[in-house]
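The values are calculated or read from the model by the stated rules, or taken from the named source; none is laboratory data. Small disclaimer: the values here were computed from a predicted structure and weren't measured. Here the Cβ is made from the backbone with ideal geometry for all residues, glycine too, and neighbour counts use every protein chain on show. We work out accessible area using only protein heavy atoms, side chains counted, and drop any ligands, DNA or RNA first. Shrake-Rupley method; radii C 1.70, N 1.55, O 1.52, S 1.80 Å.
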Amino acid sequence: MPSRSLAAGVAAGFVLLATTMAGPAGAHVTITPPTVEAGEWSVVTLEVGHGCGDFATTRLEVKVPEQLLTLTPTRSVYWGVETTEIDLEEPVTDEHGNTLNTRVDTVVFTAAEVLPSGLRDTVELAFTAPETPGEVLTFPTLQTCEESEQAWVQVPQDDQDPATLDWPAPQVEVVAAAPSGTDRTTAIVAWAGLGAGLLGMLLGALAFAHSRR
């Protein structure tokens, strides 16, 4: 795995790279889907839409959000994958009851063959989303090309449109989990019961009114 000092140095240099490289690119390193459900195991896809100008892409280094305690990159024949872990301040217990002392801090994808600037490709990350809806997960990404680099690290401020950023970091929002099949069935039964009760009351009232006449 890459040394921790290297990972820390690269992470510290992300913002510097973003401010020293010239002009925005015509496309970005993007992430889909834009939302994940709270507490659920999710898979997101990072897309590399172009190289660094005319230079082919050789490497992607993705900084993992500190909110994510469990994360697994997907293996690909087109990319070698390495991870760097860091120690947690205190051990935590995951959703399976396992005690965690470390978490993945960075994931490095190295192209088996350079990715030409005119072609696109994707890599995947799987993780358990935080339990709190409304959190935003940011994945600063350093794209290394044959003779240059691009750091996708800018984060929008409050009410700022991400489309206005030159080098936006890929982001995913945590949303409330959709009701499970059991919950939906229970809700349907409850509403059906309520409807039947209201209908019964209405029919009873009509019958009473008719008998009075």
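So which residues in the range 76-100 are outside any strand (DSSP E or B) and farther than 19 Å from Pro65 by Cβ, if there are any at all?
First, pick out the residues of the range 76-100 that are outside any strand (DSSP E or B): 77-78, 94-98.
Residues satisfying the conditions are Val77, Tyr78, His96, Gly97, Asn98.
Can you tell which of Thr45, Thr58 is over 23 Å from Glu173 (Cα atoms), outside any loop (DSSP other than H, G, I, E, B) and among the polar types (S, T, N, Q)? Step through it out loud before you land on a result.
Numbers: Thr45 fails: over 23 Å from Glu173 (Cα atoms).
The conditions single out Thr58.
Six or more apart or on different chains, Cβ under 9 Å: which pairs go from a residue in the range 169-186 that's open to solvent by less than 80 Å² (accessible area, probe 1.4 Å) and modelled with pLDDT under 85 to one that's of a type in the set (S, T, N, Q) and in a helix (DSSP H, G or I)? Could you list them?
Close Cβ pairs satisfying both conditions: Pro179/Thr186.
Please go through the range 66-75 and give me each residue that is in a loop (DSSP other than H, G, I, E, B) and in contact (Cβ under 8 Å) with a residue 40 or more places away in the chain, ordered by number.
Gln67, Leu68, Leu69, Thr70, Thr74
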